[in-house]
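Inspection log for the structure reproduced underneath, given as structure tokens.
The values are calculated or read from the model by the stated rules, or taken from the named source; none is laboratory data. Because the structure is a prediction, the values reported are computed rather than measured. Glycine gets a Cβ as well: all are built from the backbone with ideal geometry, and neighbour counts include every protein chain shown. All accessible areas refer to the heavy atoms of the entire protein, side chains included, with ligands and DNA or RNA removed. Shrake-Rupley method; radii C 1.70, N 1.55, O 1.52, S 1.80 Å.
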Amino acid sequence: MDFVEDDELYEHFRIEVDKGQEPVRIDKYLSEHQPHSSRNRIQKAADAGFIHVNGRPVKSNYKVRAGDVVTLMLDRPHYDTTIEPEDIPLEVVYEDDDLMVINKPAGMVVHPGCGNFNGTLVNAIAWHLKDLESYDPNDPEVGLVHRIDKDTSGLLVVAKTPDAKTSLGKQFFNKTTHRSYNALVWGNFVEDEGRIEGNIGRDPKDRLRMEVFPPDSEVGKPAVTHYHVMERYGYTTLVECVLETGRTHQIRAHMKHIGHPLFCDERYGGTEILRGERTASYKAYIQNCFKLCPRQVLHAKTLGFLHPTTGQQLDFTSEWPEDMAALIDKWRKYIKH
């Protein structure tokens, strides 16, 4: 692949190799110093002429040496990650001087990131609080205390002050908050309730997906999910999930692990017809279900915590969004008839 002309490149990352560094391949060196980039991705960047040492492009087998200046030069400017207020509607469930509780719609990204630099929940919060002089959306000491996935709906708490975020953060860390989710999953359960324990870490074959590892392994972070069957529809089940921990994709990964992927969860295999009949009419029914609620069927239903200033217990409940409510109604009618 031809190298890109230098005058078209923009610096995105720079590091000077330590004096005591032994010679090592640059792809291995960068994969250790950029944990969010895989070695394969770094090799492709080098092949495209984006990895430079001392101002010159190098191949991925180049061995870095003490004093080398390594830069990542891309063909687009480095994106400004400053959070700007955007006039986006918010469903505010509760608000006072210290915090606000929001019911997030499915499809909204929580925080700016790769490919989603605007239109996020954080941009909407910045607009909602734009007249509050003490609130800086770019200050990590205020703002969202926890997150949920883009296509998950439901409740989130926002801290308006550093003291509120510290207090709420401790409650989440110490697992004294109460959070429950409603999810529609594939398959029927033998038991009415259960406990899933398994470390959650990045899937080595797919970095956008999480994998469950044995609890006694040193891979991933410990995670525990409790579930309770709410309604059974034969081929699918509506369950309530209560989190002991709050890992990335925890419910989605844990349910997949025990053989019950979330309905319509494409990343975890839920868009396949995993249970049911082989008739054309049933297949058409499932496809209609997918169209009705085209996302993982997961909703952050309840949220409870102690108010950071008053110490009062606050508990919130949110209704299912329209797509999820319509889907559940469709399954109730299906099982009835």
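Give the residue that is surrounded by the most Cβ atoms within 10 Å (Cβ to Cβ), with candidates limited to residues of region 264-288 that are within 23 Å of residue 148 (Cα to Cα), touching a helix residue (DSSP H, G or I) at 6+ places or on another chain (Cβ under 8 Å) and not small (Gly, Ala, Ser). Restricting to residues being within 23 Å of residue 148 (Cα to Cα), touching a helix residue (DSSP H, G or I) at 6+ places or on another chain (Cβ under 8 Å) and not small (Gly, Ala, Ser), the top hit is 265. Among the residues making up region 30-45, those that are modelled with pLDDT of 80 or more, open to solvent by 60 Å² or more (accessible area, probe 1.4 Å) and out of contact with any Asp or Glu (no Cβ under 8 Å at 6 or more places or on another chain) are 32, 33, 40, 41, 44.
Please go through region 299-312 and pick out each residue that is under 20 Å from the mean Cα position of the chain (by Cα) and either over 30 Å from residue 176 (Cα atoms) or open to solvent by 10 Å² or more (accessible area, probe 1.4 Å) (or both). It would help to see each step written out before you state the result.
Taking region 299-312 as the starting set, the residues that turn out to be under 20 Å from the mean Cα position of the chain (by Cα) are 299-303.
Those that are under 20 Å from the mean Cα position of the chain (by Cα) and either over 30 Å from residue 176 (Cα atoms) or open to solvent by 10 Å² or more (accessible area, probe 1.4 Å) (or both): 301, 302.
Mind listing whichever residues of region 238-271 are aromatic (Phe, Trp, Tyr) and farther than 13 Å from residue 210 by Cα? Please lay out each step first, then the result.
Filtering region 238-271 for residues aromatic (Phe, Trp, Tyr) gives 263, 268.
Scanning region 238-271 gives a single hit, 263.
Comparison of 315, 329 shows that the only residue that is part of a helix (DSSP H, G or I), open to solvent by 60 Å² or more (accessible area, probe 1.4 Å) and either out of contact with any Gly (no Cβ under 6 Å at 6 or more places or on another chain) or at pLDDT 95 or above (or both) is 329. In region 144-263, counting only strands (runs of 3 or more DSSP E) that sit wholly within it, the ones holding 3 or more residues that are at pLDDT 95 or above and surrounded by fewer than 16 Cβ atoms within 10 Å (Cβ to Cβ) span 193-197, 224-232.
For region 218-234, the criterion of a residue being within 23 Å of residue 121 (Cβ to Cβ) and touching a residue at least 12 places away in the same chain (Cβ under 8 Å) is satisfied by no position.
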